[in-house]
Every structure is written in structure tokens, then in C-alpha cells.
1. Name the long-range amide H neighbours of residue 80: under 5 Å, sequence gap of 5 or more, or other chain; modelled H, no Pro or chain starts.
2. Send over a whole-number figure in Å² for the accessible area per residue of the stretch 57-168, probe 1.4 Å.
3. What is the sum of charges, Lys and Arg at +1 and Asp and Glu at -1, for the other residues whose Cβ falls under 12 Å from the Cβ of residue 171?
4. Counting only protein heavy atoms, what percent of the accessible surface of the stretch 73-203 is carbon or sulfur at a 1.4 Å probe?
5. How long is the gain from residue 127 to residue 230 if the chain were fully straight, where each residue apart is worth 0.36 nm and the alpha carbon distance is subtracted?
6. In whole Hz, with x marking every Gly and Pro, tabulate ³J(HN,Hα) for the stretch 207-214 from phi via Karplus 6.51 cos²θ - 1.76 cosθ + 1.60, θ = phi - 60°.
7. Filter 97/204; 158/189; 158/245 down to the pairs with a C-alpha to C-alpha distance above 31 Å, please.
8. Quick one: Karplus J couplings for the stretch 152-157, per residue in order, coefficients 6.51, -1.76, 1.60, θ = phi - 60°, nearest Hz, x for Gly and Pro?
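The values are calculated or read from the model by the stated rules, or taken from the named source; none is laboratory data. Owing to the predicted nature of the structure, the values given are computational and were not obtained by experimental measurement. Don't worry about glycine lacking a Cβ; one is built from the backbone with ideal geometry, like all the others, and counts go over all protein chains shown. To get the accessible areas, we keep the full protein, side chains included, count just its heavy atoms, and leave off ligands, DNA and RNA. Shrake-Rupley method; radii C 1.70, N 1.55, O 1.52, S 1.80 Å.
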Amino acid sequence: MIRWIGAIIGFAYRGFLGAVAGYVIGMLIDNLFFNKSDSQASGRSRSPFSGGQQTVTPGDFELNLLSLCSIVIKADGQVSQREMDYVRQYFVQAYGKERANATFRTFNEVVKKREVNAQRICAYLVQRTRREVRLQIVHFLFGIAQADGNVSTAEVNKISSIAGYLGLSRNEFEGLKAMFFKNSDSAYKILEIDKSATDAEVKKAYRDMAKKYHPDKLQHMDEAYRAGAEEKFRNVQDAYETIQKERGM
């Protein structure tokens with residue numbers, strides 16, 4: 001909370017640069033006085049924002065996620081209002097209107113003025129988030145690209161690069177992409193198998209993917225992320241049912 005108060009005060013005095021400086025100062029105060037006691041109170045409970053030995057605070061996660069959103073939104077050379085609205089709605093669902101609006105004011109500046117280094121942001125997130133969170137990030141980015149009804153090649157290429165920077169495999173990227181681009185091979189791509197797979201391999205792939213995308217893996221995150229996990233899980237189930245009908249399994 002202190003970081004946002006600092007950002008607001010900084011913005012009032014020095015505009016956007018003052019907001020950034022105020023946010024950083026507030027973040028340092030937060031880390032100094034609150035994070036230590038918070039971590040002690042939580043004991044050894046595992047945060048969805050933990051990966052390896054490092055963690056990322058929810059506030060830092062939001063800003064890094066918004067920076068990745070801005071890359072996708074600007075990928076085709078124009079800023080779509082529908083895509084912006086999609087991001088806003090997602091954050092309101094996840095964090096509530098007041099907090100989302102405060103975050104989104106910073107996001108507007110990021111979209112319009114800043115050049116964002118996707119590789120650096122993703123390297124930061126890889127060290128601090130679990131794989132299931134990174135899978136959800138890529139799923140969310142595809143949702144943004146689709147929000148205006150036209151997913152461009154440039155947007156797909158940007159999301160592909162981000163997925164690679166986040167440490168996801170090509171099969172994982174193609175599986176997430178297939179949830180938004182339906183064709184005769186989509187069901188197999190969602191299960192991350194070839195169309196030539198045996199029935200036994202299809203069943204095993206379904207079990208593996210159902211476990212991988214089970215909503216319980218994101219149960220400690222906010223509502224919007226859980227909803228995204230449930231959507232991916234339904235896509236896995238639908239893909240398996242499609243193959244079952246196709247093969248008469």
C-alpha cells in the first residue's frame with residue numbers, strides 16, 4: 001500500500017517520473033518494514049509467486065505482467081481499446097476496482113511512453129514464479145490478442161517470444177495457442193501430442209494435462225487467475241472428448 005501512496009504523491013508533484021520514484025521509495029519501505037514480518041507470519045507456506053530461492057511481491061508481479069500486456073497490445077502497431085478494456089476488466093476481477101484503477105493509471109503510461117524489455121522481465125519472473133503461473137500468463141496474453149476479434153501474426157510472434165523467455169516449451173506454447181485457434185489438429189495440440197498418437201498415448205496425455213492444468217494449482221491466486229485456470233482445464237477436457245468421439249474410444 002505504501003508504494004502506491006508514494007506513487008500518487010510523486011505524480012502530484014512531478015508527474016509520471018515522480019510517480020515512478022515514489023513507487024520505488026514506497027516499495028523499499030514496504031520491503032524494509034513489512035515483508036520480513038509477513039514472511040515470518042506465513043512460516044514456510046509456499047506462495048504462487050515463489051520460484052527457486054526468490055519471490056516477487058504481488059505489486060511487482062502486477063507491473064511486470066502489465067508490461068508484458070503492453071508488448072502484445074502494441075505488437076501490431078496500434079493500441080486497441082478492446083484489448084485495453086480486456087486488461088482492465090481482468091485486473092478489476094482480480095484485485096477490485098480501486099486497486100485495479102491505480103495500477104491501470106501506471107499501465108497507461110507504460111503502453112503509451114515506455115519501451116519494455118520482454119526478455120529482462122521474463123528472466124525476472126522465471127526466477128520468482130512457478131511454472132503454472134507462467135502458463136497462465138501466456139494464456140492471458142492470448143486472451144488479450146483475441147479481445148479485438150483479430151489475432152495478428154505480429155501478436156502471435158510476440159507471445160511466442162515471451163513464452164520462450166518464460167521457459168515454456170514449444171509444445172506448451174502450441175497447446176495454449178490451440179485453445180484460441182481451432183482447427184482439425186487443435187485437440188491434439190492442446191494435449192501436446194501428435195495426431196498419430198495411439199489411444200493409450202492419448203489417454204496418458206489427457207491424464208498428464210489434466211494434472212498440469214488443474215485449477216487447484218492456482219487456488220491461492222486471485223479470482224481472475226483461477227478463472228483462467230478453469231478455462232484451460234475445460235479446454236483440455238473438451239480436447240479429450242473431441243478425440244474420443246473422432247476415434248470412437
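1. none
2. I get 43 Å² per residue for this part.
3. -1
4. 43
5. 34.6 nm
6. Calculated HN-Hα couplings, in order: 4, 5, 6, 4, 5, 5, 9, 4 Hz.
7. Correct reply: 97/204; 158/245.
8. For the stretch 152-157, the Karplus curve yields 7, 4, 4, 5, 4, 5 Hz.
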